[in-house]
Amino acid sequence: MAYVRFENISVSYGDNQVLKNFSLSLEKNEIMCLVGPSGCGKTTLVRCLLGLTRPDEGEIYVDDKCLFSSKRRINVPAERRGIGIVFQDYAVWPHLTVKDNVAYPMRKQRMKKNEIDRRVKDVLKQVSMSEYINHLPGQLSGGQQQRVAIARALMSSDDLIVLDEPITNLDAKLRDQMLNEIRDIQRNIGTTIFYITHDQKAALHLGDQLAIMNGRGELVQIGSDEDIILRPKSRFIFEFIGVTNFIPLKLVNSEYKLDLGREMIPWPEQVPDTMAHGKPIEMGTRPNDITFDDASPIKAKVKRAVFLGSEYDYFIELGNMEIRLQQSTLDAALVGVAKEGSEVGLRFLNPHYYEAKRREA
Amino acid sequence: MINLRRNKDLAAVEGRRIGLDNVMTALAFVLLLVIVVIPISMIIYNAFFHEGKFTFNLIVEQLTRSTTLSSMWNTIKIGGLVTLFGTIMGVFYAWLLGRSNIPGKKLMRSLFTIPYMFPPFLGAMAWDLLLNGRSGYLNRWMMQTFNLSSAPLNINTIWGIVFVEVSYYFPFVFMQVVSALERMDPTLEESARIAGAKQGTVIRTITLPLVVPAISAGALLILISSLAHFGVPAILGFSQGIFTLPTRIFAVISRSGGSFEGIRQAAALSILLVVVVALALLLQRKVLSSGGYDIIKGKSMRPTLINLRGARIPLFILALVTLAVIVMVPLIMIFLVGLVRAYGLPLIPANFTLANYTRILTTSGTLDSIKNSLILAISAGIISMTLGTLIAYVVQKIKPRGTGVLEILSVLPYSIPGTVLAIGVILAWSGSLGINLYNTLWIILVAYIARYLSFSMKTSSAALLQVHPSLEEAARTCGATHTESLKDITLPLIRPAMISGFFLIFLPAMREVTTSVLLYGPYTRTLGVQIYSLRDAGMMPQAAALGSVAIVLIIVINAIVNAITADRKGV
Amino acid sequence: MAQVQVQLTNVTKRFVTKTLGDIVAVDDFNFEVYEGECFSILGPSGCGKTTALRMIAGFEDLTEGEIHLGGRPVSSSRKNLYVPPEERDLGMVFQAFAVWPHKNVFENVAYPLRIKKVQRAEIERRVKEALHHTSLTGLEKTYPSDLSGGQQQRIALARSIVTNPKVMLLDEPLSNLDPHLRETMRFELKELQSKFGFTIIFVTHDQSEAMAISDRMLVADMGKIMQIDTPENLYNRPINRFVHSFLGESTFLNVVIKDGKVYAKGDMEHPLDLEAPPNAESEMIMATRPNAIELTADKGYQTHVQTRIFLTDRTEYVVPIGNQTLKVQTPHRITFAQGESCSVRFVEPMWYPVEDPEAEKERQRRQLI
């Protein structure tokens, strides 16, 4: 049975229903990344787990221990849940030294002094902060404060720690480094990590499992990074992950054609049968999955070509649409660059098919 | 949004019957009721009710007296003039020390804030000693030297009062504008240069308009302080029959010898003073809400300093002379007169003696006054600090229903002139409600607490705002109960703010005159009151000597405060 | 050849600092910017780019050298000449927008004309035109605080084009905007330039932004000019390792060259599928871009996937090569599993001599200042 279970959690603030019948499970010793746009309710879910917000309904279990149940009127107070947390702003106490910060949870558990000292030393070594044991947080960089917060969370619990957008305040380079460190710590200790973020990139980098939420607080896909990237279940996920182009496909005499407004061009690829229910569909493609190919019957015009170094960024006029195409440095070297205003043939690699979005007025 | 409801969340999660939060909230409301609401209600009641019936008679009666009208007019005239000249002076020196290449900027900037520390009534005393129409040292010297038949300058006039108040109140504008200039994004001015404007045009069309909000905020502070000010007009105006509303209230009370009729008249006058100040406060509200530009942005770059070229040295000398006149001359005067054997003798070493100091330091009345002030300042400091922090915590973190009321109640007494507050305290706590504190230190303490509560409430609020809810929540998830997280995390984090809140109260309380002069009894004179009475009794040298002691005390305490707050850590 | 608009000759700026000694912020800058050109000055913080721009604007005097604007000397150490900023007829846009909060949109834009005492009707006409070109029409009476960051920056743009200056100085004007807006504003900037024909000097630390809008770029490091060239040439043929790693992502490989064959250091058995460069030394650094490496099942140097990380728009692989690792990026459609064997092949890499460690130290010292 799963290690952490949220069952049918509902939370509302006044009239605003943040979560409705939300369920999610985490396996032991994995990193689960919960990804969603800001305001989707993911932080609320974490607060429910920690006992800082009270759900209206539902149940929360950790390791078969019930922390909350609206039916059975169980609500374990925050201080007795024993879950480690790293907040977005680290919440490292500025008036306490690194040692006192990290030792705090154990002092509250009334642990013996030499036991505390030993464990503080151990955990600081884990997060490579041993030499800063007597520093105050003000003397540490953002990344170092973050490590202290992780160490403190590990002292609250070796079994389950929650990280709530902990790297958003760091610069890009440090972000990648911290993600790697969190990974390493998890591998060494085997803690279960529940990582909350709005940043798909960080989630892809870190998670064993990704759970993706939409803006309405619903879970849309759970799976590994490979599942999410190569087999996005819905159009929402496909768009959430990166830049996309969508081109409508029309079934004419049981043959699919690209609908470019003024003209229809036969679509050479096989459309999976699961889509063929007579509903309008669209072909989705990423800018770097389109290549120039003069032999292709799909002709378009280069409206704008921008050199960005690592790639050429093209704005292409295809029928009545404007689509984006990215050409990597490699392709530019092998195939050559297209000029602004020139006519090009396009080939779509790796297309995805989705039900067309209803056009809203 | 999430932050706003965090504490409520916790309360809901805990679901306790009477949580710590509820106790604190109730306490805050009760204390404010006793300290603030009761005295204010008593004034209103006494001014508008006669023998249990509502009536405007008392107010109308006051308004038909020429003395009242002239006091009102004087109050407004002095307030207006002080604001005008104080603002001009503050802006000029703020610009000179903030944006020009005048030498010694850093040192001069701190020197220019000195007047802020000292009680204006000591300054008024010093100037009275120098420029009194009949006996001022400088006047007599000038009359002798130039063979004049009458004194060339007379400080005992409206203009004299304005001059002394300006020299103590201009730092309000000065400090506001200096910091606004400092934080202003230099590219705002640079882009005007690029647009083709010359240096002078940039100052006129860009820099000054941008600091207008800071200027008006400071100017209104001057206006409100001056309208309610007691010390300077009391010292310089009484002898010439120049009264303002606060001094008129004092005169009415002291003439009536504490009779109830006198206090009722004072209550009616207080209502008039409150109306005048309230109008100024309304103006402040309007000005402050209308503006406030966001001028702090972008990368920090040092602002370009304006080269004064030829005017550099003359302006430097002007600044030094100003400093000498507003800071050094009064100080030196107080010290020297404190040394002189008898008032009127020339200020030469032959006439100097330490007898005044021995006398004041051996007279029990004077020693008591120092002791009383210390007791009052320390206890008012501690009590207001605790109370202010409690209210701040309730307002910032618990946010119960009625938070707004709580906030207004705690800040209200500071907008009410000290004189009025004193009348309210007399009305409330001299027996009419069954408790008689009159002629005890307690009544003064109650007044001080009400008067200074807003100081600590503001500093603690600011500090609490910096304590992100996640800091307390992190403690909770580490296994701390609500009380423990308060004790382990929140209180230590705002401790520096509480300490500076204490000194913010202690320092002005040490030199307070306005309320204590109405509340003191035979054995409860404060330092300020004692200086005032010595002078009133004609014992100038002793008053000056005690004044010097007060100044030394203030300097020492300030030095201690700076040493403490300089290396503070935490939030 | 187009006319020279801005010319810097032997321009040097020295600062005396109390804690870190003298520092040469700008060391012997020589370059020309032509009429109608978009010229970027690019480099890490502390490279002297902002100081150079402020010297052109006239906010800093120079220690040595000479600056000409439109053929007229404006700063010269030799002639002891210094023209203040207001007399240089420039347009300038700052990172923090620097729009005046006490003036409404119309007054902000009209300010330069009012200073020049232009007639009222003419002011009306020219402000209207400037607002039209910056899509601000209709917002004349609005105050900047009620507008978004992008709109505020448009006000700053309108204000600087309203006097029709020949040269426009842009000091990281897009850095305070969100990424999407940044992209749009780039195009708007270029469109304004083609309409009004001014010369742009653009200072930024964001290399992709500079490449997207520049005709030519100058890359500086530690106060010295490293290279001046077109974006394509700078990216494809960086003169040294610094320029290579500063522009775009780089991956470097220490190589040994023996008998005309190229070996990755640590593997002298399998040569790379590459021709040694002319004048090759025995040890060199080969530089290439992660997305310019061909990753296939069997073409080129045989290795395996050590780590695979999915990024949002591509997949990143780390593959061991000799005793080193190489970063390779491909579109998502090219998929190798972790541990799977694969081959890498390089396309037109660059060759640099092995680094000296001194340069790195000096860079760190300067970043403290």
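The values are calculated or read from the model by the stated rules, or taken from the named source; none is laboratory data. These numbers come from a predicted model, not from an experiment. For neighbour counting, all protein chains shown are included, and Cβ atoms are generated from backbone atoms with ideal geometry for every residue, glycine included.
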(request) For segment B:91-131, enumerate the residues that are among the polar types (S, T, N, Q) and in contact (Cβ under 8 Å) with a residue 60 or more places away in the chain. (result) B:S100, B:N101, B:T113
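Just one of C:V319, C:V328 is more than 14 Å from chain A (Cβ to nearest Cβ) and not in a loop (DSSP other than H, G, I, E, B); which is it?
Answer to the check: C:V319.
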(message) Test of understanding: among A:L251, A:L219, A:L258, which residue is closer than 14 Å to A:I298 by Cβ and either of a type in the set (D, E, K, R) or more than 11 Å from chain C (Cβ to nearest Cβ) (or both)?
(response) A:L258
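Filter segment A:5-39 for residues that are farther than 28 Å from A:L206 by Cβ and within 14 Å of chain B (Cβ to nearest Cβ) and give the result. Quick ask: steps written out before the conclusion?
Filtering segment A:5-39 down to residues farther than 28 Å from A:L206 by Cβ leaves A:10, A:12-17.
Within segment A:5-39, A:S12, A:Y13, A:G14, A:D15, A:N16 qualify.
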(request) Select, from B:N558, B:N562, the only residue that is without any contact (Cβ under 8 Å) to a residue 60 or more places away in the chain and either on the phi < 0 side of the Ramachandran plot or of a type in the set (S, T, N, Q) (or both). (result) B:N562
(message) For segment A:59-97: of the residues being within 21 Å of A:Y195 (Cα to Cα), of a type in the set (A, V, I, L, M) and part of a strand (DSSP E or B), which is nearest to the other protein chains (Cβ to nearest Cβ)?
(response) A:I85
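How about segment B:192-223: which of its residues are small (G, A, S) and either at the interface with chain C (Cβ under 10 Å from one of its Cβ atoms) or touching a Pro at 6+ places or on another chain (Cβ under 6 Å) (or both)?
So the first thing to find is which residues in segment B:192-223 are small (G, A, S), and the list is B:192, B:195-197, B:200, B:214, B:216-219.
The answer is B:A192, B:A195, B:G196, B:A197.
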(request) Those residues that are more than 20 Å from C:E209 (Cα to Cα), in a strand (DSSP E or B) and within 14 Å of chain C (Cβ to nearest Cβ), I need them from segment A:296-333; list them, please. (result) A:E322
(message) Can you confirm whether C:R154 is buried (at least 22 other Cβ atoms within 10 Å of the Cβ) and either assigned to a loop (DSSP other than H, G, I, E, B) or away from every other protein chain (no Cβ under 12 Å) (or both)?
(response) yes
(message) Quick check on segment C:339-364: of everything there that is at pLDDT 90 or above and surrounded by fewer than 13 Cβ atoms within 10 Å (Cβ to Cβ), which residue is farthest from the other protein chains (Cβ to nearest Cβ)?
(response) C:S341
(request) Residues that are β-branched (V, I, T) and in contact with a strand residue (DSSP E or B) (Cβ under 8 Å, 6 or more places away or on another chain): find the strands (runs of 3 or more DSSP E) completely inside segment A:192-289 holding 3 or more of those. (result) A:192-197
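Within segment C:274-288, does at least one residue satisfy the condition of being touching a residue at least 12 places away in the same chain (Cβ under 8 Å), under 22 Å from A:L179 (Cα atoms) and within 14 Å of chain A (Cβ to nearest Cβ)?
In the first step, residues of segment C:274-288 are kept if they are touching a residue at least 12 places away in the same chain (Cβ under 8 Å); the result is C:274-277, C:280-288.
Right, trim to under 22 Å from A:L179 (Cα atoms) and you get none.
No, there is no match, as no residue in segment C:274-288 is touching a residue at least 12 places away in the same chain (Cβ under 8 Å), under 22 Å from A:L179 (Cα atoms) and within 14 Å of chain A (Cβ to nearest Cβ).
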(request) Output yes when any residue across segment B:334-344 is within 22 Å of the chain's Cα centre (by Cα) and either in a helix (DSSP H, G or I) or surrounded by fewer than 19 Cβ atoms within 10 Å (Cβ to Cβ) (or both), and no when none is. (result) yes
(request) Please specify each residue of segment B:132-176 satisfying the condition of being over 22 Å from B:K77 (Cα atoms), free of Cβ contacts under 8 Å to residues at least 60 places away in the same chain and part of a loop (DSSP other than H, G, I, E, B). (result) B:R134, B:G136, B:N147, B:L148, B:S149, B:S150, B:A151, B:P152
(request) Check whether at least one residue in segment B:492-510 is closer than 30 Å to A:D158 by Cβ, modelled with pLDDT of 85 or more and in a helix (DSSP H, G or I), and report yes or no. (result) yes
(message) Please go through segment B:456-483 and give me each residue that is out of contact with any helix residue (DSSP H, G or I) (no Cβ under 7 Å at 6 or more places or on another chain) and either of a type in the set (D, E, K, R) or within 7 Å of another protein chain (Cβ to nearest Cβ) (or both), ordered by number.
(response) B:K458, B:H468, B:S470, B:E473, B:A474
